[in-house]
Amino acid sequence: MLQLHEFNPVNQPPTPSFPMASTSVVTLNVGGELFQTTAATLSRAGAASPLASLGPTPASAPHFLDRDPRLFALLLSFLRRGSLASSDPPSAALLSEARHFGVDAALLASLSPASAFSPLALRPSVLLPLAGRVAPSAVAVSPSPHSAALFAAHGGVVTRFDAALASRSSVLTPLPTVDSLVAVSPALALAGARDFPGVQLCRIPDDGPATAREVLSWPGSPSATVLSMAATAASEASSPWLFTSFESARRNSSAVVAFDLNSLSPVAEIGRKEVYGADVEAAIPATRLDWLDGHNLLLAAGSHSGPAGVVGDICLWDVRASTTVPVWEFREKVDCFADIAASDTLSSLFKVGAASGEVFMADLRMLGGGSIGIEPWVCIGDGQRAAAAASAGRKDGNGCRIGCYLNWVFVARGGEVEVWTQVELAQEAGGKKLMRRNWLGTGPSMSTARGGDEEGVKETTKIVSWAFGGSRMVLARDDKQSIEVWDSAMAAISVNP
């Protein structure tokens, strides 16, 4: 017997409602149960979904869909609300049904929206174990507007978890280990290694076999190895680009090469450098790349440790203007960066000093226009300590990492994470904007006791890679065969089988 569901996602008695105009109502017979909704609601599934083509019908002549009515009720509720009614992750059956109707991408994207990201509310929520005995070396998250799928490289394997963390797929690359990992979409990640040539394209579709057969190489130097990568976001007006820093096998030349990821063809060679004689410092390759989409600038930075200390070379490139002359360049020798990152929303560069371990900031608005060589950095930490550490030649910042996501700056020190947030002073205090440091900690399951002694001193495991996306932060730690997912929603540590 047919049951009529009027804007009611579950089998409950229909509540009284005002009659709707017949021209706006779409009646569906799904597996023997009737549902009523509007064409506007179904259009939220997207133009490619079969639901979007269903027009208004009377109750006596419904569209028939031979699908599970219980799962369809959940999807219809999702289209109306923009989110699932339950806080639990969607089941594999629901994800399969969403894939059939072409709403799986929207469903997964709703699970971890960037708008819900709150750094001070981040808590470890789940541990995702990885197959094998090799600890992860790199992690990545597919960028917005895609759903926040997670990628982890362990050994030569790249494993993907969907945004619901409900399913995983893996692909074996030719690389012995992966040093650089970039997620372009939930179905595509790019992997590179410092001692192996080329960028491996790891395709992991939902409905087909995973492959890693395609390779992107530096034209004219196919044996060049990969030092760093950064990708631009896809848009309706342009295809995504991949920027890759290559170094020749003999380590006497380097360049950043831009690839069009739709055609998989190189489109530009940026900042080519050649080493002449023993003057290595004059041609330091870029080991850190970052793309600032709102400024159309590429950050390329590298450092070299020699007898005189650590020397860093930092460049900002506007590839539309020139691929041979940067818009800004700075050679630093005092408290050179241990790591460096760029923030599009804060219009600034940030670094951790290798000598001091302190955080420094450089305003992009003050760079360029003849400022080459002028000291750009302002210490937002302890300036006196930074100066003392630099003059003493200490190495307090070695191993520290820094990264930017939305309006925040994150710093990893060993196994601990801190976040810098921008605060604005009151008008009576000058109305200036300052950066404030907050500690996120290590997570409750991230400490180990030496020798199994409960009374022993606990030490945290070093963070070797991290990534941000949606409402999550993803961490990989040394000697851990799993990756941590921190989410803005409070959650207890659990293990995903």
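State whether segment 118-238 is rounded, prolate or oblate according to the following rule on the C-alpha gyration tensor (a ≥ b ≥ c being the square roots of its eigenvalues): a/c under 1.5 gives rounded; otherwise a/b larger than b/c gives prolate, and the remaining case gives oblate. Because a/c hits 1.5 or more and a/b exceeds b/c, segment 118-238 counts as prolate. Among the GluC sites (Glu not before Pro) in segment 195-288, those located in a DSSP loop and surrounded by at most 15 other Cβ atoms within 10 Å of their own Cβ are E236. Residues within the reach of a label modelled at D478 (point 7 angstrom out along Cα to beta-carbon, backbone nitrogen below 18 Å), restricted to segment 116-159, are 134-139, 154-155. On a per residue basis, segment 137-292 carries 39 Å² of accessible surface, using protein heavy atoms and a 1.4 Å probe.
The label point for D207 and the one for K395, both projected 7 Å from the Cα toward the Cβ, are 5.4 nm apart. Ordering S221, L181, S125 by the projection of their Cα atoms onto the charge dipole of segment 111-235, which places +1 on the Cβ of Lys and Arg and -1 on the Cβ of Asp and Glu, puts S125 at the extreme positive end. Between V280 and S347, the distance separating the two model label sites (each 7 Å from Cα on the Cα→Cβ line) works out to 3.9 nm. Backbone amide hydrogens, once placed in the peptide plane, bring V267 within less than 5 Å of A258, F259, D260, excluding anything fewer than 5 places away on its chain. Here the 3J(HN,Hα) profile of segment 203-208, calculated from phi with Karplus coefficients 6.51, -1.76 and 1.60 at θ = phi - 60°, is 9, 10, x, 6, 10, x Hz, Gly and Pro shown as x. Residues whose amide H comes within less than 5 Å of that of S356, counting only those at least five positions distant or on another chain, are D396, G397 (H built at 1.01 Å from N in the peptide plane).
With all protein chains kept in place, the per residue accessible area of segment 304-404 amounts to 45 square angstrom at a probe of 1.4 angstrom. The stretch between D260 and S60, if pulled fully straight at 0.36 nm per residue, gains 66.8 nm over its current Cα-Cα span.
Segment 219-260 and segment 468-486 have their alpha-carbon centroids 26 Å apart.
Determine the share of segment 292-349's accessible area contributed by carbon and sulfur atoms, expressed in whole percent, with a 1.4 angstrom probe. Ligands and nucleic acids excluded, carbon and sulfur reach 51 percent. For R288, the residues whose amide H sits under 5 Å from its own are A301, ignoring neighbours fewer than 5 places away on the same chain, with H placed 1.01 Å from N. Given their separation in residues at 0.36 nm each and the Cα-Cα distance between them, S118 and M366 gain 86.4 nm when the chain is fully extended.
For segment 99-155, what class follows from the C-alpha gyration tensor (a ≥ b ≥ c being the square roots of its eigenvalues): rounded when a/c is under 1.5, otherwise prolate if a/b is larger than b/c, else oblate? The shape class here is oblate. Here segment 51-188 exposes an accessible surface that is 58 percent carbon and sulfur, computed with a 1.4 Å probe and the other protein chains kept in place.
The simple spin-label model puts a point 7 Å past each Cα toward its Cβ; for V378 and S144 those points are separated by 2.7 nm. Checking the cross-link pairs K333/K395; K395/K480; K333/K462 against a 19 Å limit on the alpha carbon distance flags K395/K480; K333/K462 as lying beyond it. So the label point goes 7 Å from the Cα of S167 along Cα→C-beta, right? Which residues of segment 100-142 then have their backbone N under 18 Å from it? Backbone N within reach: 100-112, 142.
The values are calculated or read from the model by the stated rules, or taken from the named source; none is laboratory data. All figures in this text were calculated on a predicted structure; none of them were measured in a lab. When we count neighbours, we look across all protein chains shown, and the Cβ atoms used for this are built from the backbone with ideal geometry, even at glycine. Ligands, DNA and RNA are stripped out before the accessible areas are found, and what is left, the full protein with its side chains, is counted by its heavy atoms. Shrake-Rupley method; radii C 1.70, N 1.55, O 1.52, S 1.80 Å.
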